[in-house]
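The values are calculated or read from the model by the stated rules, or taken from the named source; none is laboratory data. Since the model is a prediction, treat every value here as computed from it, not as a measurement. Using ideal geometry, Cβ is built from the backbone for each residue, glycine included, and neighbour counts are taken over all protein chains shown. Just the protein is used for accessible areas: all its heavy atoms, side chains included, with ligands, DNA and RNA removed. Shrake-Rupley method; radii C 1.70, N 1.55, O 1.52, S 1.80 Å.
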Amino acid sequence: MRYYFVDQDRKDTVVDLNKVETNGSISKFIFSEKTFYARRLAGKLFGSWDQQKWFKLTQLSAGETVVSNTVTYKMYRGFKPSGLFSGGAGALVTQMPGKVVKLFVKAGDTVEKGQTILILEAMKMENEIKAGVSGVVKSLLVQPGQALESGVLMAEIEE
Amino acid sequence: MLGKRVLIANRGEIAIRIAKALNELGLVSVGVWTDNEPEAAHLEYCQEWVHLSGNTNRDTYLNVPKILELIKKYKIDAVHPGYGFLSENGEFAKTLKAQGVIFIGPNPEAIAAMGDKAISKQWAQKAGVPVVPGSTGEVPTVEEAIKLCQTIGYPVLLKAVAGGGGKGMRPCYSDADVKTNFEAVQREALSSFGNAGLLVEKYVQNPHHIEVQILADKKGNVYHLFERECSIQRRHQKIIEEAPSPFIGEDTKLRKEICETAVKLAKAVGYDSAGTVEFIMGDDRKFYFLEMNTRIQVEHPITEEITGIDLLANMVKSAFNQPLDFKTQDDIKLHGHAIECRICAEDPVTMLPAPGKIAGFETTFPQGIRFDHCLYPKFTITPDFDPMVGKLIARGYDRAVAIRKVRAALDGLLLDGLKTNIPLLKVILDEESFKKGEYTTHYIAGVKPQERVAITEKPESLLVRVASVEMGQV
């Protein structure tokens, strides 16, 4: 599973989780360069690098923001996010909460890179969400009038 | 008093604190929720939940007619205003009194007397309380300013009468300085505040912000619960407070003097309920009255921790004319030391507010910690409300122990998803001059702890986040 951490300057940090092995109550997370362990204990979540020294973890969900001192990251699971004002890859994901105003395509349509797929109203402005690649609309997951959170997959375009 | 219905006209951590006291005393705690905070965490502690319609503070917590409507509709007997919002609104207090509703706070006359900086200074002078030496009103000319400065003694501050928040002030160290700066300050004052009037005040060197907690009943008995020192501030907002004051330290004579002075002033204005008298103290250990806050304050917990006295419960008892938990001033004893760190949703370096959503929240605290907050996982901090999301308080056998405990508590406070001042607080608590108790209100500006906040990210912490999300996917 690939994770994307996008910082406040829109720079991506990619983390590849190659394998997960579960042995009893301990889950082993095998990353490219390191291995991490996690388990639940008394309703809380704990992590460890060596299965001996354990520290408490906050319980997070995908699509949320995580912070390290002054760096804010948006954490995405599985999909590379595309910018709100410029296309990214084939997945169109919301960068901030907004409302779907109008859709211009349906599933199965062929689209060109840069073509407006839908209009999203966010921060009191109307934003045109454009296709980042040329291809076929594989799925359209939203409807007009729908209020979306940040980090929501709106559409997928297959090249 | 039992069964009386009390409306909490506030939110967040202080609403929770008030509800705790009301519930414990057998009163009915009525909490409100607004349209911009439908999932208000403070309701957890409130027995009744009432809708205060509106999307902005102006339309809700500051909307007197709306609140009066609620009071009528829900048959409210008393209102606790908390801090901020309507807590020092004399008109509101007067209106409630006229309608036979108890305002859990001081009487309207006391609020009026201490509400205005100039009027409160006059009251202080009348009561024989030392005030910052200076002009009693505006100083119209340079010549008059210089004459005054020579009487007060340099250094002085030329201050815009309409100024605030540290703006429109210039220090002067000699007659020449006054000549140079007088017109400049007038110009600055006119352009920033629309009023060119300025006054002259003694410039207290290396100032310490020291305040005394007052608690009074309706029978004219006024007590003090010792002092607090709140000198760690930025933009004139406190971030760390301690009780008792490390600057006063073991000087019990000075402690007695400043606390009894505060009581003298409170008595002079016929004060009742809880309040705080603020002083500024210089290196020379001379103190001067600054202002009085006629409300319960954010940092009240540290006083509760060193005295063992529940300020909110006693504030409520006083309002209902019930006997307080203690009988005499001598019953109030100082024990140990307490420190409070205000946890704020802001950038630890720039110290600017940084609203956001809490992705995860966990605590692992040492013994002796009190955390007053309104946090929960997925809680969104919006720009509508104050960036302060919690107060971390440690009580210790002495100051060093309190620092040790609160520092460990900061390590055990995990708040993911938003920027907080926690990294900055850690730098300050590790700092030698802070540990020695040697600091003034110039601390942040001088020592610049924000420059020592680590901004580099350890790549491993991202892997940890991934594991956490994966564990939740199952």
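Scan the stretch B:176-227 for residues that are among the aromatic types (Phe, Trp, Tyr) and more than 29 Å from the chain's Cα centre (by Cα) and report the count. Give the derivation first.
First, the residues of the stretch B:176-227 that are among the aromatic types (Phe, Trp, Tyr): B:182, B:193, B:203, B:223, B:226.
Applying the additional criterion that residues be more than 29 Å from the chain's Cα centre (by Cα) yields B:182.
Number satisfying all stated conditions: 1.
Any idea which residue in the stretch B:387-423 is modelled with the lowest pLDDT, counting only those that are open to solvent by 40 Å² or more (accessible area, probe 1.4 Å) and not charged (D, E, K, R)?
The initial filter retains those residues of the stretch B:387-423 that are open to solvent by 40 Å² or more (accessible area, probe 1.4 Å), namely B:395, B:397-398, B:400, B:404-405, B:407-408, B:411, B:414.
Applying the additional criterion that residues be not charged (D, E, K, R) yields B:397, B:400, B:408, B:414.
On the way: B:Tyr397: 97, B:Ala400: 97, B:Ala408: 98, B:Leu414: 94.
So the residue we want is B:Leu414.
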Subject >> In the stretch B:443-464, the residues that are at pLDDT 90 or above and over 36 Å from the mean Cα position of the chain (by Cα) >> reply: B:Leu462, B:Leu463, B:Val464
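Kindly indicate whether B:Asp384 is open to solvent by 40 Å² or more (accessible area, probe 1.4 Å) and within 21 Å of the chain's Cα centre (by Cα).
Details: open to solvent by 40 Å² or more (accessible area, probe 1.4 Å): yes; within 21 Å of the chain's Cα centre (by Cα): yes.
For B:Asp384, the condition - open to solvent by 40 Å² or more (accessible area, probe 1.4 Å) and within 21 Å of the chain's Cα centre (by Cα) - is met.
List the strands (runs of 3 or more DSSP E) that sit entirely inside the stretch B:1-84 and contain at least 2 residues that are open to solvent by less than 20 Å² (accessible area, probe 1.4 Å) and on the phi > 0 side of the Ramachandran plot. First the steps, then the outcome.
Values: elements: B:5-8, B:28-34, B:48-52, B:78-80.
Filter on the stretch B:1-84 gives an empty set.
From B:Asp272, B:Asp330, B:Asp283, B:Asp310, which residue is on the phi < 0 side of the Ramachandran plot, without any contact (Cβ under 8 Å) to a residue 24 or more places away in the chain and in the same structural domain as B:Asp411 (by TED's automatic domain parsing)?
Numbers: B:Asp272 fails: without any contact (Cβ under 8 Å) to a residue 24 or more places away in the chain; B:Asp283 fails: without any contact (Cβ under 8 Å) to a residue 24 or more places away in the chain; B:Asp310 fails: without any contact (Cβ under 8 Å) to a residue 24 or more places away in the chain.
B:Asp330 is the lone residue from the list that is on the phi < 0 side of the Ramachandran plot, without any contact (Cβ under 8 Å) to a residue 24 or more places away in the chain and in the same structural domain as B:Asp411 (by TED's automatic domain parsing).
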Subject >> Residues being surrounded by fewer than 16 Cβ atoms within 10 Å (Cβ to Cβ), touching a Leu at 6+ places or on another chain (Cβ under 8 Å) and facing another protein chain (nearest Cβ under 9 Å) - total across the stretch A:22-43 >> reply: 1
**OP:** Might you check whether a residue that is in a loop (DSSP other than H, G, I, E, B), assigned by TED's automatic domain parsing to the domain that holds A:Ser27 and without any contact (Cβ under 8 Å) to a residue 12 or more places away in the chain occurs anywhere in the stretch A:64-76?
**Re:** yes
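Of all residues being among the hydrophobic types (A, V, I, L, M, F, W, C) and not in a strand (DSSP E or B) in the stretch A:128-159, which is modelled with the highest pLDDT? Just the residue, please. Break it down stepwise before answering.
Step one: list which residues in the stretch A:128-159 are among the hydrophobic types (A, V, I, L, M, F, W, C), which gives A:129, A:131, A:133, A:136-137, A:140-142, A:147-148, A:152-155, A:157.
Checking the rest, the ones that are also not in a strand (DSSP E or B) come to A:131, A:133, A:141-142, A:152.
Details: A:Ala131: 86, A:Val133: 83, A:Leu141: 86, A:Val142: 89, A:Val152: 79.
If we take residues in the stretch A:128-159 being among the hydrophobic types (A, V, I, L, M, F, W, C) and not in a strand (DSSP E or B), then A:Val142 is modelled with the highest pLDDT.
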Original post:
Which ranges mark the strands (runs of 3 or more DSSP E) fully within the stretch B:352-437 that have 2 or more residues being away from chain A (no Cβ under 12 Å)?
Top reply: B:369-373, B:388-396
Subject >> In the stretch B:450-470, residue surrounded by the most Cβ atoms within 10 Å (Cβ to Cβ) [restricted to those that are more than 7 Å from chain A (Cβ to nearest Cβ) and of a type in the set (Lys, Arg)] >> reply: B:Arg452
Original post:
Does the stretch A:8-21 hold any residues that are farther than 12 Å from A:Arg77 by Cα, more than 9 Å from every other protein chain (Cβ to nearest Cβ) and not in a loop (DSSP other than H, G, I, E, B), and which are they?
Top reply: A:Asp12, A:Asn18, A:Lys19, A:Glu21
